[in-house]
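Student: Below is a structure I'd like to ask you about.
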């Protein structure tokens, strides 16, 4: 038996204009089957009771989470009073579980990823939980690369899985930031590099020990939060302590520095839907390779991604572009430039056009 901690406080900036400050990506229905958060919740509920699933989000998104997840117990929702990135969020999850008198493994996962093979996912969780139960390790899921992807970080391991399926975890040698195309090709050819999925399994005590070792400035406020959690006053006292936590991702703050990190190679149809070009593998395609949502008429156009679920889109003689329409905002770019959407948001901030964010 494990717990699950769903990280649901992100902004989804690379998915603008559909993802906005008022309705970030995790609350969008991209597949037509429900919001990405609700899909993640249903995936967890397929093998866990609601009482064992925690959700961590930003204070201004807490009401949206409650509306999206009516099954979620009130005591299982942690609303960050200020944004402090993923390491403090996962520390909060660890102390919430310890406050219940448990040190069982916790599955930590983002709220806005898609996984096609649910059975494969559950099997991977079982293997990772066994590893975390039996040793003081921080387990991360490494996705077997299907191409020289430049939008993901990579994990270099001491070896490779024999069949690409979930297997015993491998020793992590090094984490690598998002590479250029040629470096990504070298990683792919090496056979011992995996995409960093952002999905983890560990015992709360092991994570907190790593927190104290690598983020000691956050130890005192974490002790305050843990005392509050044990007294049933975590929500009440979060404002006092959480703002003193270091604002850092779990990758930078802990995983890239710890010596007890292992990676479990997996292949279960994962996508982080991190940018518009990812929809090419998710949305239905026509005979010319165009993927889209909404009514459309595409003439002499190939391999485009069209997202206009509430409208009609027509193109003539264009290939490999993205057209995304939402809330009166329109994005047009080459598929190869989809990782640069953040630059638009930076421009909007600089030019005081925040109403479009």
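The values are calculated or read from the model by the stated rules, or taken from the named source; none is laboratory data. It should be emphasised that the depicted structure is a prediction, and the values quoted were computed from it without experimental measurement. Cβ: placed from backbone, ideal geometry, glycine included. Neighbour counts: every protein chain shown.
Student: Examine the stretch 321-336 for a residue that is farther than 30 Å from residue 125 by Cα, in a helix (DSSP H, G or I), in contact with a strand residue (DSSP E or B) (Cβ under 8 Å, 6 or more places away or on another chain) and outside the structural domain of residue 120 (by TED's automatic domain parsing), and state whether such a residue exists.
Tutor: Yes, the stretch 321-336 has at least one match.
Student: Going by the conditions given, is residue 124 assigned to a helix (DSSP H, G or I) and modelled with pLDDT of 95 or more?
Tutor: Against the criterion (assigned to a helix (DSSP H, G or I) and modelled with pLDDT of 95 or more), residue 124 does not qualify.
Student: Also: Can you name every residue in the stretch 97-112 that is part of a loop (DSSP other than H, G, I, E, B) and either surrounded by fewer than 20 Cβ atoms within 10 Å (Cβ to Cβ) or at pLDDT below 95 (or both)?
Tutor: Result: 99, 100, 101, 102, 103, 104, 112.
Student: Let me confirm something: among 128, 184, 124, which residue is free of Cβ contacts under 8 Å to residues at least 60 places away in the same chain, in the same structural domain as residue 31 (by TED's automatic domain parsing) and closer than 30 Å to residue 30 by Cβ?
Tutor: After ruling out the rest, the residue left standing is 184.
Student: In the stretch 13-29, what residues are crowded, with 22+ Cβ neighbours inside 10 Å and under 20 Å from residue 82 (Cβ atoms)?
Tutor: 24, 26, listed by residue number.
Student: Let me ask something else about it. Might you let me know whether the stretch 211-232 holds any residue that is touching a strand residue (DSSP E or B) at 6+ places or on another chain (Cβ under 8 Å) and at pLDDT 95 or above?
Tutor: no
Student: Checking the condition under 20 Å from residue 55 (Cα atoms), out of contact with any helix residue (DSSP H, G or I) (no Cβ under 7 Å at 6 or more places or on another chain) and in a loop (DSSP other than H, G, I, E, B), which residue from 232, 243, 239 passes?
Tutor: Exactly one of 232, 243, 239 is under 20 Å from residue 55 (Cα atoms), out of contact with any helix residue (DSSP H, G or I) (no Cβ under 7 Å at 6 or more places or on another chain) and in a loop (DSSP other than H, G, I, E, B), namely 232.
Student: Next question. Identify the residue in the stretch 309-320 that is modelled with pLDDT of 95 or more and part of a strand (DSSP E or B) and, among all such residues, is farthest from residue 30 (Cα to Cα).
Tutor: 316
Student: Next up: Examine the stretch 55-75 for a residue that is farther than 30 Å from residue 310 by Cα and assigned to a helix (DSSP H, G or I), and state whether such a residue exists.
Tutor: Yes, the stretch 55-75 contains at least one residue that is farther than 30 Å from residue 310 by Cα and assigned to a helix (DSSP H, G or I).
Student: Kindly indicate which of 132, 168, 79, 91 is surrounded by fewer than 19 Cβ atoms within 10 Å (Cβ to Cβ) and touching a helix residue (DSSP H, G or I) at 6+ places or on another chain (Cβ under 9 Å).
Tutor: Being surrounded by fewer than 19 Cβ atoms within 10 Å (Cβ to Cβ) and touching a helix residue (DSSP H, G or I) at 6+ places or on another chain (Cβ under 9 Å) holds for just one of 132, 168, 79, 91, which is 168.
Student: Conditions: (1) outside any loop (DSSP other than H, G, I, E, B); (2) under 14 Å from residue 200 (Cβ atoms). Residue 258 meets all but one. Number of the miss?
Tutor: (1)
Student: While we're looking at this one, here's another question. Could you identify the single residue in 9, 32 that is touching a strand residue (DSSP E or B) at 6+ places or on another chain (Cβ under 9 Å), surrounded by 22 or more Cβ atoms within 10 Å (Cβ to Cβ) and either in a loop (DSSP other than H, G, I, E, B) or in the same structural domain as residue 322 (by TED's automatic domain parsing) (or both)?
Tutor: Selected residue: 9, the only one of 9, 32 that is touching a strand residue (DSSP E or B) at 6+ places or on another chain (Cβ under 9 Å), surrounded by 22 or more Cβ atoms within 10 Å (Cβ to Cβ) and either in a loop (DSSP other than H, G, I, E, B) or in the same structural domain as residue 322 (by TED's automatic domain parsing) (or both).
Student: Also, I was wondering about something else. I'd like the full set of residues that are crowded, with 21+ Cβ neighbours inside 10 Å and either within 13 Å of residue 87 (Cβ to Cβ) or not assigned by TED's automatic domain parsing to the domain that holds residue 105 (or both), limited to the stretch 216-244.
Tutor: Of everything in the stretch 216-244, those that are crowded, with 21+ Cβ neighbours inside 10 Å and either within 13 Å of residue 87 (Cβ to Cβ) or not assigned by TED's automatic domain parsing to the domain that holds residue 105 (or both) turn out to be 218, 222, 242.
Student: Tell me yes or no: at least one residue of the stretch 12-26 is touching a strand residue (DSSP E or B) at 6+ places or on another chain (Cβ under 7 Å), under 30 Å from residue 212 (Cβ atoms) and touching a residue at least 12 places away in the same chain (Cβ under 8 Å).
Tutor: No, every residue in the stretch 12-26 fails to be touching a strand residue (DSSP E or B) at 6+ places or on another chain (Cβ under 7 Å), under 30 Å from residue 212 (Cβ atoms) and touching a residue at least 12 places away in the same chain (Cβ under 8 Å).
Student: Can you tell me which of 214, 141 is touching a residue at least 24 places away in the same chain (Cβ under 8 Å), within 23 Å of residue 8 (Cα to Cα) and touching a helix residue (DSSP H, G or I) at 6+ places or on another chain (Cβ under 7 Å)?
Tutor: 141
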